[in-house]
Amino acid sequence: MASRRPSISRRLLLAMILCMPLLLGLTAVAIDSAYHSSLIKAEENRLKAQFFSLLGAVEWDENEGLSTDDRLKEPRFWQFRSGLYADIRGRDGTLLWQSLSADTLQLPTGANTTDSGQEQLGSAEIDGQPFLFYRYQAVWETDSGRDIPLVFSIYSETRSLLNEQAQFRRQLATWLGLVALLSVLLVAIIQYWGLKPLRKLAKDLHRLETGDSDQLSDDYPIELEAITGNLNQLIQKERRQRERYRNTLGDLAHSLKTPLAVLKNERLDESQRSEHIQRMDNIIKYQLRRAVSSGSQQLRRKTPLKPLLNSLKNTLLKVHHGRTINFEIALNDDAAVAIDEQDLLELFGNLLDNACKACQQSVVIHGHRTSHGLVISIEDDGRGLDPNELEVLMDRGRRGDQYAQGQGLGLAIVRDIADSCNITLLFKRRPQGGSCIQLSFPQLKTQL
C-alpha cells in the first residue's frame, strides 16, 4: 500500500516553518549589526564632544605647563575609575596632563597617532576592559609664539554599550519570535482560505464520481476557471459520446430492418441480393463513422481546412465525373478549427456531396472571421432549398433530393456532429438562385 503523501497546504506550511528561522535569523543579524553600528557612532560622537569640551578648558602656562579650569564640566573626568578618561601628551608620548578619573591607570601612549589636524577613532584595552578612544593631534600656539604639538586622547568604557546591546538582542529575539509565531499562524490561515477552492473542487469531483452531480459548478476563482471549464467539457463530451452510441445502435437497428426483411421474405436474384447487401454495408459504415465521431474537440489541435477541402474536392470530382462542376475554394491558408479531422471529413463530405448533387455548374466555398469565430459558407447554383423543408431534411432517414442513391442519413449526421462540436448551421436561399449553408465555428478559449 502506497504511503500517504503530504497535502499542498502541509508542504507549504512545512516550507514556511523551515524558511522562517533562516529569514528571521538574517533579519536579526542585519538589525543587530545596524544597531551596533549606531551605538558605536553615537559613542564616537560623544567622545568628539568631550574632546572639544576638554580643548576649551585647557590652558598653557610657560612655567606650569598645561592645566584645566572649572570650564571642564564633565563630572566623570573627576570621578575615580568612572569609565571616562582623558590625557594630553606630547608628540613623543610624554604625559602632560591626565584626568583624575584615570589615576593609577596606565593609559595607552598614542605614539603612533596621525599627523596634525587629523583625528583617529579606534578601540583599546585598559586594565583588561574594552574601551573606545578618540585621538586628535593639535598644535598649541603659546603667547610667546611657540608651537607645541599636543595629542588629546579621550577613552570611554564600552561595557555599558555591550550591556545595552545585549538587552536589545533579548528584546529583538522576543519580538522576532512573536513575529515568527504570528507569521506561521497567518500563513496557515491564508493557506486554509486560499486553498478552499481546491477543497471545494475535490468535493465536487467526488460528487461527480458518486453520481450526485452531473457537472462542476461555475463559482470558482478565475485561476481555476480554465481547469473546471475543461473538466466540464470533458464530462459533456463523454455524456454526448454515450448518447451518440445509444442513438447509433438504435438507428442502425432501424436502418437494417427493411433490407433484412427484404432479404428474408422476397425471392431475389443475385444482382438484387447484392444491391441490398451493399446497401446494408453502406448503412453500417455510416453509423460506425458517426458512432466514433469525437464530438466537442476543445482540447485537440487545430485542423487546417484548406488541405482537407481540397482533398474532398478531388474525391467528389471523381465521384461526379459525368458532370462538369466548377469547384472553387476561397479560404486563407491559415484557416483552421480545433475539431477532429475525421469529423470534419464527415461533416463537409456530406454537405459538399449534397451541393454537388444539387448544383447545375458551380460549388463555391468561402470563409471569413468574425468576433465570435470562423464562418464557412458552401454555395451552389441549384434550385435552392425551401425553408419549410429544413426541419424535415434534418430528420433521420429523410432525403432532400430525388436521386436514387443515399439513405437519407447525411444531413442527420451533419446535425449530430454540428451539435456535438458547438457548430451553428444556417440554411438559406441565395438571392441569385441556389442554396447557401453557413457553418459558424466558435472561437475557443483554450486551444493547443
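The values are calculated or read from the model by the stated rules, or taken from the named source; none is laboratory data. Small disclaimer: the values here were computed from a predicted structure and weren't measured. Here the Cβ is made from the backbone with ideal geometry for all residues, glycine too, and neighbour counts use every protein chain on show. We work out accessible area using only protein heavy atoms, side chains counted, and drop any ligands, DNA or RNA first. Shrake-Rupley method; radii C 1.70, N 1.55, O 1.52, S 1.80 Å.
For region 156-178, which positions are open to solvent by less than 40 Å² (accessible area, probe 1.4 Å) and either in contact with an Asp or Glu (Cβ under 9 Å, 6 or more places away or on another chain) or not small (Gly, Ala, Ser) (or both)? Once the filter is applied, which keeps residues that are open to solvent by less than 40 Å² (accessible area, probe 1.4 Å) and either in contact with an Asp or Glu (Cβ under 9 Å, 6 or more places away or on another chain) or not small (Gly, Ala, Ser) (or both), region 156-178 yields Ser156, Glu157, Thr158, Leu161, Gln165, Leu172, Leu176.
Considering only residues that are among the hydrophobic types (A, V, I, L, M, F, W, C) and under 22 Å from Gly434 (Cβ atoms), which ones fall in region 364-380? Answer for region 364-380, where residues must be among the hydrophobic types (A, V, I, L, M, F, W, C) and under 22 Å from Gly434 (Cβ atoms): Val364, Ile365, Val375, Ile376, Ile378. Can we say Phe52 is assigned to a loop (DSSP other than H, G, I, E, B) and open to solvent by 70 Å² or more (accessible area, probe 1.4 Å)? Criteria not met by Phe52. If only residues of region 337-363 that are touching a residue at least 60 places away in the same chain (Cβ under 8 Å) and among the acidic types (Asp, Glu) are counted, the one that is farthest from Gly434 (Cα to Cα) is Asp343. As for region 381-388, it holds no residue that is small (Gly, Ala, Ser), at pLDDT 85 or above and outside any loop (DSSP other than H, G, I, E, B).
Among the residues making up region 349-376, a single one is crowded, with 20+ Cβ neighbours inside 10 Å and either in a loop (DSSP other than H, G, I, E, B) or aromatic (Phe, Trp, Tyr) (or both): Cys359. Among the residues of region 425-444, those identified as within 14 Å of Ile339 (Cα to Cα) and either modelled with pLDDT under 85 or open to solvent by 30 Å² or more (accessible area, probe 1.4 Å) (or both) are Ser440, Pro442, Gln443, Leu444. Within region 94-108, the presence of a residue that is assigned to a loop (DSSP other than H, G, I, E, B), modelled with pLDDT under 90 and touching a Pro at 6+ places or on another chain (Cβ under 6 Å) is excluded.
Residue by residue, here is whether (1) over 20 Å from Leu172 (Cα atoms); (2) among the hydrophobic types (A, V, I, L, M, F, W, C) holds:
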{"site": "Leu22", "(1), (2)": "no, yes"}
{"site": "Gly25", "(1), (2)": "no, no"}
{"site": "Val29", "(1), (2)": "no, yes"}
{"site": "Tyr35", "(1), (2)": "no, no"}
{"site": "Ile40", "(1), (2)": "no, yes"}
{"site": "Asn45", "(1), (2)": "yes, no"}
{"site": "Gly56", "(1), (2)": "yes, no"}
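Against the test of being more than 24 Å from Ser420 (Cβ to Cβ), within 51 Å of the chain's Cα centre (by Cα) and either modelled with pLDDT of 85 or more or among the hydrophobic types (A, V, I, L, M, F, W, C) (or both), the options Ile277, Ile235, Ile329, Ile325 yield a single qualifying residue, Ile329.
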